[in-house]
Amino acid sequence: MEQNEKTETTEKKSRFTHLVKRFGMLGFLFFLVKGLIWVGVALVAGKTLFD
């Protein structure tokens, strides 16, 4: 019975860490793309204003 409880707890931790890693990677990619878009917007605006 005790072994079953340990595997259940480990399984819950495993799911949680998997979700955290997945959302962490998605969050990183989201902000990377968002930042690159804003750099592009700034470059286009700068080229339009100063050209």
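Coordinate-derived values only; no laboratory data. Since we're looking at a predicted model, the values are computed, not measured. Heads up, the Cβs are rebuilt from the backbone with ideal geometry, glycines too, and the neighbour counts pull from every protein chain shown.
Listing for the model above:
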{"read-out": "Cβ-defined net charge surrounding residue 21, 13 Å radius [Lys, Arg +1; Asp, Glu -1]", "value": "+3"}
{"read-out": "Label point distance in nm, residue 47-residue 28, each placed 7 Å from Cα along Cα→Cβ", "value": "3.0 nm"}
